[in-house]
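So the structure is just underneath, and the comments pick up after that.
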Amino acid sequence: MRAIRPSALTGRDQGDGTAAQPTRYGRRGGWLRQTGWHLVLSVLSVCFTIPLLWMLSSALKENKEIFTVPVQWLPAVFRWENFVSVLSYPGYPFLQFFSNSVFYAGSVTVATVLSCALVGYGFARLRFPGRDILFGVTLATMMIPYVVTFIPTFLLFKQLGVLGGYIPLIAPALFGEAFFIFMMRQFFRGVPKELDDAARVDGAGEFRIFWQIMLPLVRPALVVMAVFTFVWTWHDFFRPLIYLQDPDKFPLSLGLFTFRGRRLTEWHLMMAAATLMTAPLVILFAVAQKYFIQGMKMFGIKG
C-alpha cells in the first residue's frame, strides 16, 4: 500500500500524534465561504430594511416629495412637525388608538403567557390518565385554519351578548395557544426533576413549585412567547375589524386604516402614523433582545 504523505493531510493526525496544519487552500476556502455568507446576509438585511427606511423617509417629507421619480431617499427639509400633526390631527385620536392597542396587546399577552405556561407545565410535569392523547389533540388544533373556527366562535360570543367590546378579543387567549403550549412543554421537560422532588420534600405545593421554581428557570421562553404574542396582537387587523364597532375602541391597526380612508392623499402623515405605530415594537425588541435571543437558542436545542 502506498504511504500517504503527512503534507497531504489537513486537520487530521499525521501519525506522530500531532495534527496537521491546514493547507493554504483550506484557509483560503474557509475565508471565501465566510465572506460569501456575510455578503448574502448583508444583501438580505438591506432588502428587509429598505421598506422601513422608505417609511421613515416618507414620514419626514412633504406629500409631493414621496412619489417623485427618481426616488428621493432624503427629504429636502426634514419635517419633524409631521409627527406632531398626526398626534393633533382633527378627528383622528391617535393617542386613544395607541392606548387601545396597548390595552389589547398587553391583555392578550398576559393571558397567553399565563395560560400556556400553566398548560405546558401540566403536560410536562404532571401525570394523569390520557395526558399524551390530550397533548396530541392540542397539537392537532394547529392544523385547523382560523377561518374554520371563526364563525362558530363569532356565533358563541353573539349568543353571550359580548360583541362590540374587547371580551371576544381577549377571552380566547385565556385558553392557550397550541404552539406556545408545545414550546413551554419542551422547556419544562428540560428542567431537572430533582428540583421538583426537593421542593416537595420541603413541603411546597404544586402551584408554588410552578410559580417560584419553574417560571424563573424558563424566563427566556416566557419572553419569547410574550414578544411574539405582543407583536402579533399589535398588528392584528381582522379580529378587531369584526368584533369592534365603536371607533373609540379601535386599536392602531384599525385607526391607521380609517385615517387612510379619510385622507387618502396625505401619505406623509400616514407614514408618520405608521412610524409611530412601529416604534413601540422596535423598543420592545431592544429591551427584550437578550432574553429573546437566549430563548430562541434554547428552544432550538430543546425542540
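The values are calculated or read from the model by the stated rules, or taken from the named source; none is laboratory data. Remember, it's a predicted structure, so these values are computed and weren't measured experimentally. Quick reminder, even Gly has a Cβ in these numbers, built from the backbone with ideal geometry, and neighbours come from all protein chains shown. The protein model used for the area step is the full one, side chains on, heavy atoms only, and it has no ligands, DNA or RNA in it. Shrake-Rupley method; radii C 1.70, N 1.55, O 1.52, S 1.80 Å.
Among the residues of region 154-178, those identified as exposed (fewer than 14 other Cβ atoms within 10 Å of the Cβ), under 26 Å from residue 136 (Cα atoms) and of a type in the set (A, V, I, L, M) are 156, 174.
The set of residues in region 137-168 that are under 20 Å from residue 236 (Cβ atoms), over 26 Å from the mean Cα position of the chain (by Cα) and in a loop (DSSP other than H, G, I, E, B) comprises 162, 163, 164. From the list 72, 96, the lone residue that is among the polar types (S, T, N, Q), open to solvent by 60 Å² or more (accessible area, probe 1.4 Å) and either on the phi < 0 side of the Ramachandran plot or part of a helix (DSSP H, G or I) (or both) is 96.
Taking region 179-194, which residues are touching a helix residue (DSSP H, G or I) at 6+ places or on another chain (Cβ under 6 Å), open to solvent by 20 Å² or more (accessible area, probe 1.4 Å), over 28 Å from residue 107 (Cβ atoms) and of a type outside the set (D, E, K, R)? Residue satisfying the conditions is 190 alone.
Let's see how each residue does on (1) of a type in the set (Val, Ile, Thr); (2) closer than 17 Å to residue 113 by Cβ; (3) touching a residue at least 24 places away in the same chain (Cβ under 8 Å):
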| residue | (1), (2), (3) |
| --- | --- |
| 183 | no, yes, yes |
| 196 | no, no, yes |
| 205 | no, no, no |
| 208 | no, no, no |
| 218 | yes, yes, yes |
| 221 | no, yes, yes |
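Any residue at all in region 34-46 that's among the β-branched types (Val, Ile, Thr), open to solvent by less than 30 Å² (accessible area, probe 1.4 Å) and more than 30 Å from residue 226 (Cβ to Cβ)? Break it down stepwise before answering.
To start, the set of residues in region 34-46 that are among the β-branched types (Val, Ile, Thr) comprises 35, 40, 43, 46.
Of the ones still in play, those that are also open to solvent by less than 30 Å² (accessible area, probe 1.4 Å) are none.
No.
Please determine whether any residue of region 108-125 is farther than 17 Å from residue 230 by Cα and free of Cβ contacts under 8 Å to residues at least 24 places away in the same chain. Yes, there is a match, as at least one residue in region 108-125 is farther than 17 Å from residue 230 by Cα and free of Cβ contacts under 8 Å to residues at least 24 places away in the same chain.
All conditions but one from (1) within 30 Å of residue 193 (Cα to Cα); (2) open to solvent by less than 40 Å² (accessible area, probe 1.4 Å) apply to residue 110; the one that does not is (2).
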